[in-house]
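Chemist: Below are the C-alpha cells for one structure; questions will follow.
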Amino acid sequence: MDSALASERAVYLPGTVRTAVKLLVVGHFAVGKTTFVGSLSEIRPLRTEETMTQAGALVDDLAGSERKTTTTVAMDFGRLTLSDSLVLYLFGTPGQLRFTRLWKDMTQGAMGALVLADTRRLEQSFPVMSVLEEQGLPYAVAVNRFEGAPVFAEEEIREALDLLPETPLVVCDARNRISSTRALISLVQYLQSLHTRTPQENV
Amino acid sequence: MSPGRRERGLVRPYVVTDGRAYPTRNTFDLVTLVMAHPDRPLAGLSPEKRGVMELCLGGALSVAEVAGYLELPVSVTKVLLGDLVDSGHITTRSPIPPAELPETQLLQEVLDGLRARL
C-alpha cells in the first residue's frame, strides 16, 4: 500500500465541515456517470471496487452446479464542498451493484438519485429505474446528450421511459460543469417539492 | 485511467481484517467523516492501520475517500476504522441524522450551494 502517496494525493475537507450528504448518479454502462461525476467534483474522482457474484449464480447453486461467476463492479465518486459546513458526495454507480453491501452503503441515507439516460438506448435505463423504485429512492432523469444521438421531444422521451408526470426530465451534457450542475439542481428541487407536498397529500 | 491504480497487494482482504467481515461498530456510513488524533502512538499498528492513520492525520475525509485513496474495499476500510475508533486513534463525525437537522433545510442548503456554482 502506498499510504505516503495516498496522503500526498488526498485533498482534505475544510475543518469547518460538519455535515456530509450524498446523491447517487446511476445509469447503464457507458452512459456518462464517471464523466458527470468528474465534471462536478472538486477532487479527482475516486473509485472503489467490489467483487460480486452474479445474479445467475444463485440459479447455478440450486442446480447443484459448481460454476460460479464473479464480476468486479466499480463505484466512482466525487465531492463538492457546498459551504463552510456542508459537503456533498456524488456516487456514480451501475444498477447491478444492488446485490452488494456497497449498494446498501450507497443508498442508505442518500437523498435521491439522478438517472443518466442515452437516447440511443433508452430501454437500458429501465433496470436502474426499477431498482430505485424498489428501494423507494426518489429520482430525476437527465438525458446525457451525445453527439450524433437522436434528439426526441421531451414527451416522446417521457413516454419511452414511462416516467411519472412529476418526475423531472432534463437534458444535460455530462462533460460540462454548468450543465451538469443544472441537472443536479433539478433533482434537488424535486426532492424539496416531495417534502413540501407530502403533508397536504396525506390529508 | 486513474493514475494511482496498480495491482492488488498480495495480502488478502481477510488477512488485513484478521478474518473479520464486519467492523466492531456499525456506525460507518460512506460519508461519515473521520479524523485522526495526532497524539496517539502508531507503534503496534498493522501496516494497513498505519496507512489509514498516515492518510487521516492530514485532515478530515469521508470513509469512502479513505477506501478510495488506500485502494481498499469499503468493507475492509470499515473494519480497520472500527478498530481505530475503539483504540482511540480515530474520531468520527456521522452524517447528521434528519431528526437533528430537518431534511428540507438541508436540501435548501444543498440547493443554495449548487446555485452558487453556476
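What follows draws every value from the coordinates through simple rules; no lab data is involved. Everything numeric in this text was worked out from a predicted model, so none of it was measured. Glycine gets a Cβ as well: all are built from the backbone with ideal geometry, and neighbour counts include every protein chain shown.
Chemist: Go through the residues of the stretch A:119-131 one by one and say whether even a single one is in contact with a His (Cβ under 7 Å, 6 or more places away or on another chain), among the hydrophobic types (A, V, I, L, M, F, W, C) and buried (at least 23 other Cβ atoms within 10 Å of the Cβ).
Modeler: So far as the stretch A:119-131 goes, yes, one or more of its residues are in contact with a His (Cβ under 7 Å, 6 or more places away or on another chain), among the hydrophobic types (A, V, I, L, M, F, W, C) and buried (at least 23 other Cβ atoms within 10 Å of the Cβ).
Chemist: Please specify each residue of the stretch B:15-57 satisfying the condition of being farther than 13 Å from B:I90 by Cβ, touching an Asp or Glu at 6+ places or on another chain (Cβ under 8 Å) and not in a loop (DSSP other than H, G, I, E, B).
Modeler: B:V16
Chemist: Hey, another quick one. Take the conditions in contact with a Phe, Trp or Tyr (Cβ under 7 Å, 6 or more places away or on another chain), away from chain A (no Cβ under 11 Å) and in contact (Cβ under 8 Å) with a residue 40 or more places away in the chain and apply them to B:L45. Does it pass?
Modeler: no
Chemist: When the stretch A:1-43 is examined, which residues are found to be among the aliphatic types (A, V, I, L, M), in a helix (DSSP H, G or I) and surrounded by fewer than 17 Cβ atoms within 10 Å (Cβ to Cβ)?
Modeler: A:A4, A:L5
Chemist: Okay, moving on. Test each condition in (1) surrounded by fewer than 17 Cβ atoms within 10 Å (Cβ to Cβ); (2) under 28 Å from A:F99 (Cα atoms); (3) in contact with a Leu (Cβ under 9 Å, 6 or more places away or on another chain) for A:L161 and report the one that comes out false.
Modeler: Here A:L161 meets the rest and fails (1).
Chemist: I need every pair where a residue in the stretch B:63-83 that is more than 7 Å from chain A (Cβ to nearest Cβ) and in a helix (DSSP H, G or I) has its Cβ under 8 Å from the Cβ of a residue that is surrounded by 24 or more Cβ atoms within 10 Å (Cβ to Cβ) and among the hydroxyl-bearing types (S, T, Y), sequence separation at least 6 or different chains.
Modeler: Once the first residue is more than 7 Å from chain A (Cβ to nearest Cβ) and in a helix (DSSP H, G or I) and sits in the stretch B:63-83, its partners that are surrounded by 24 or more Cβ atoms within 10 Å (Cβ to Cβ) and among the hydroxyl-bearing types (S, T, Y) give B:V63/B:T77; B:V66/B:T77.
Chemist: Within the set of pairs 6+ apart or on separate chains, which have a first residue in the stretch A:94-119 that is in contact (Cβ under 8 Å) with a residue 40 or more places away in the chain and facing chain B (nearest Cβ under 9 Å), a second that is acidic (D, E) and assigned to a helix (DSSP H, G or I), and C-beta atoms under 8 Å apart?
Modeler: Final answer for the pair search is A:M111/B:E103.
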